[in-house]
Amino acid sequence: MGAGLLANATSAPAQERGSDGPLSAGDVAILRFLAAAELIESDLWTQYAELGGIGDNPPIEVDPNEALNPYQTALSNLDPDGPQYITSNTLDEVSHATFLNAYLESRGAEPVNFDEFRTLNGSTATGSSGIGRLTNLMHLNVDTSWFIRYRSATNPDFGATFPQAIILDGVTAIPINDADLNNPNPNHLQAIANTAAFHFGYIEQGGSSLYATMSQKVTDPEVLEITLGIGGDEIAHFLEWVDFSGNGVQPPVAPFTDSVSGLTFPNFFSPLNPLNQPSLIFPVPCEFISPKLPHVSIIRPLTDKFAGAVATIASFTADGLFFGQSKKFLNLLQTMAQEADAAARILP
């Protein structure tokens, strides 16, 4: 019936919407931190897209590997559409950052600009633009506990903790140079691509929880519409990368060991453990609100302690994303995060 109603609905002229007047200090702090997070995400995703995205290559149905570099091919082993997904995810994050900054300006608030901090060196592999970066993808300590958390019936907001699904410490998620890109051992680039896959999931699960957590603090209805709308897109990203990373720890890709880095990616189906079963895509129902209530499938965590702005910056820092960044940049992020977490919904 719903589909029928939509199909038969009369088209109405598009109208420009928007609120007038200044935002509360809390809503500004939330939006500015989210814009900062999106600029950081845009920077790291741009690096992935330059080397692993579809770029200017048109979709090729017959033999997609023919037009792809070896890193793109390794990513395509996890999903033939992987390079396209990376490019699409990148475009989404750039649109989020651009929109949030434009909206802040439209409501009389200051946008976020990190251009002075784009000082890090990125990959020198063919395909990299060589521009200055905000983030570093070549010294990562990837938190893979999210892979187990979403397959568990327990909730970090209730005190649950989770082990790492796979240890990825001090590793690169992109080819550092052409020696990496053209290494004759296919396991080397596959290990880098698999690392990227788990990092994709880590980044997007964080964004999913962050937007849901910030939405609980918002006062202005239009700002809430923004946080819910963009947050929903982050969740859509996350679900794709759950599937993508799982493909790296099952046949035909796994098991394998990279003789260069020493990284091993086992077959998680052998032996089968429900807590890291690769074919589980959707969040397993868990405890929520009260242990007396039935378990329910949700995004988690949803509290400041684990998913707030300060927690997000702490997680990014531990991840190695800011390896080599200036103290000034880290202090600025910390201040913005504290202001966002301090925001509270103003009741009428």
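Which residue, of ALA337, ALA311, is free of Cβ contacts under 8 Å to residues at least 40 places away in the same chain, buried (at least 16 other Cβ atoms within 10 Å of the Cβ) and of a type outside the set (Ser, Thr, Tyr)?
ALA311
Among the candidates GLY201, GLY206, GLY229, which residue alone is among the small types (Gly, Ala, Ser), assigned to a helix (DSSP H, G or I) and more than 23 Å from SER315 (Cα to Cα)?
GLY229
Do you know which residues across region 139-152 are surrounded by 23 or more Cβ atoms within 10 Å (Cβ to Cβ) and farther than 24 Å from LEU280 by Cβ?
Result: LEU140, single match.
Just wondering, is there one or more residues in region 240-256 that are among the β-branched types (Val, Ile, Thr), surrounded by fewer than 17 Cβ atoms within 10 Å (Cβ to Cβ) and under 21 Å from the mean Cα position of the chain (by Cα)?
no
May I ask you to list the residues in region 294-315 that are among the polar types (S, T, N, Q) and within 15 Å of ARG149 (Cβ to Cβ)?
SER297, THR303, SER315
Any residue at all in region 26-37 that's aromatic (Phe, Trp, Tyr), under 31 Å from the mean Cα position of the chain (by Cα), modelled with pLDDT of 95 or more and buried (at least 24 other Cβ atoms within 10 Å of the Cβ)?
Yes, the conditions are met somewhere in region 26-37.
With the requirement that a residue be under 19 Å from ASN273 (Cα atoms) and either touching a Pro at 6+ places or on another chain (Cβ under 8 Å) or not hydrophobic (A, V, I, L, M, F, W, C) (or both), what does region 247-261 give you?
Result: ASN247, GLY248, VAL249, GLN250, PRO251, PRO252, ALA254, PRO255.
Can we say PHE117 is closer than 20 Å to TRP241 by Cα and buried (at least 17 other Cβ atoms within 10 Å of the Cβ)?
The answer is no for PHE117.
Counting just the residues of region 259-287 that are among the hydrophobic types (A, V, I, L, M, F, W, C) and out of contact with any helix residue (DSSP H, G or I) (no Cβ under 8 Å at 6 or more places or on another chain), which one comes out farthest from ASN185 (Cα to Cα)?
CYS286
Anything in region 74-85 that is part of a helix (DSSP H, G or I) and touching a residue at least 60 places away in the same chain (Cβ under 8 Å)? List them, or say none.
ALA74, LEU75, ASN77, LEU78, GLY82, TYR85 - these are the residues of region 74-85 that are part of a helix (DSSP H, G or I) and touching a residue at least 60 places away in the same chain (Cβ under 8 Å).
Can you find a residue that is farther than 17 Å from GLY159 by Cα, assigned to a helix (DSSP H, G or I), more than 18 Å from the chain's Cα centre (by Cα) and in contact (Cβ under 8 Å) with a residue 24 or more places away in the chain anywhere in region 315-331?
yes
The values are calculated or read from the model by the stated rules, or taken from the named source; none is laboratory data. Every value quoted in this text rests on a predicted model; they were computed, and no experiment measured them. For neighbour counting, all protein chains shown are included, and Cβ atoms are generated from backbone atoms with ideal geometry for every residue, glycine included.
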